[in-house]
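In what follows, a structure is listed as structure tokens, so that the remarks can point back to it.
The values are calculated or read from the model by the stated rules, or taken from the named source; none is laboratory data. No experiment lies behind these values; they were computed from the predicted model shown. Heads up, the Cβs are rebuilt from the backbone with ideal geometry, glycines too, and the neighbour counts pull from every protein chain shown. To get the accessible areas, we keep the full protein, side chains included, count just its heavy atoms, and leave off ligands, DNA and RNA. Shrake-Rupley method; radii C 1.70, N 1.55, O 1.52, S 1.80 Å.
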Amino acid sequence: MVLPNTLSVLLGLCALPAALGHSTCNPTPEVQDPPVKYGMILFRAFEPLDVFGPIQALFMLSRIRHLELALISETMDVVTTEPVVAAMNPMNSLVFPTLPPSHTLATAPKDLDVLIIPGGLGTRSPLINATIEYISKTYPNLQYLLTVCTGSVLAARAGLLDGRRATTNKASWSNNVIYGPKTKWIPHARWVVDGNIWTSSGISAGIDATLAFIEDAYGMANATYVANMMEYDRHTDPAWDPFADVFKPNMTGVLTRRWAV
């Protein structure tokens, strides 16, 4: 009896055909002291892809590097993407994925290397102060802080973007930048790096920013491996931002076109 290559099946086609000119199974030389322990902030009305996009990239990376991920919320209750206010759901829709946290703010690992802050309508909530305080207290011990979309609002509300360059979702630009009056907001950017803080533009930009971070922290070959395994055509230029042309944000925080997100 002929058995299939079980390992290849379990790894999900780890190696690309030789005809493509390279293999993705042994993607990188070692990078000294790369991050291992990640935390992802969760809160009510988070944006799904802001969370699941970076997690997917880390999941793929974890096939070839040891990584740990903590999903951190204020309580251990399942976290919903449903907004608190009915007015934010004008169609009375029922499309609200949920995610159970693995840790509370109090029980989260104290030795995180990277904290990721997603965006979503919940970033503007007046009921999220405990999360903002956690972000502020945790940041000094981190190697890196990453924000996706309006996650930059929470970083700004925590005072972490004062005097720094940052970007955010372009469709809701005017609603976001008011939270960071001391931030140097960049209106045309897919993502921005200032020191050890990475901020990305809206929603899908979090995937490109995460892959860029993986390239920076683990090497180009690892980032290429992850993007290939995701079958994702990544944008590698942080200045690539066609949505800035669509929504036309400017430095005053005024949009020439209104958009509900």
What is the one condition in (1) modelled with pLDDT under 95; (2) under 13 Å from TYR218 (Cα atoms) that LEU61 does not satisfy?
-> (1)
Inspect the stretch 123-135 for any residue being within 17 Å of the chain's Cα centre (by Cα) and open to solvent by 50 Å² or more (accessible area, probe 1.4 Å) and give the result as yes or no.
-> no
Pairs with Cβ under 6 Å, 6+ apart, first in the stretch 182-194 and closer than 24 Å to GLU215 by Cα, second assigned to a strand (DSSP E or B) and open to solvent by 10 Å² or more (accessible area, probe 1.4 Å) = ILE186/ARG165; VAL192/ARG165; ASP194/ARG165
Number of positions in the stretch 34-75 that are among the aromatic types (Phe, Trp, Tyr) and farther than 28 Å from ASN129 by Cβ | 1
Limited to the stretch 19-48, what total is found for residues that are farther than 13 Å from ILE116 by Cβ and at pLDDT 95 or above?
-> 5
Considering the stretch 122-157 alone, what residues qualify as being touching a helix residue (DSSP H, G or I) at 6+ places or on another chain (Cβ under 7 Å), outside any helix (DSSP H, G or I) and within 27 Å of ASN89 (Cβ to Cβ)?
-> ILE128, THR147, VAL148, CYS149, THR150
Would you say PRO109 is touching a residue at least 12 places away in the same chain (Cβ under 8 Å) and assigned to a loop (DSSP other than H, G, I, E, B)?
-> yes
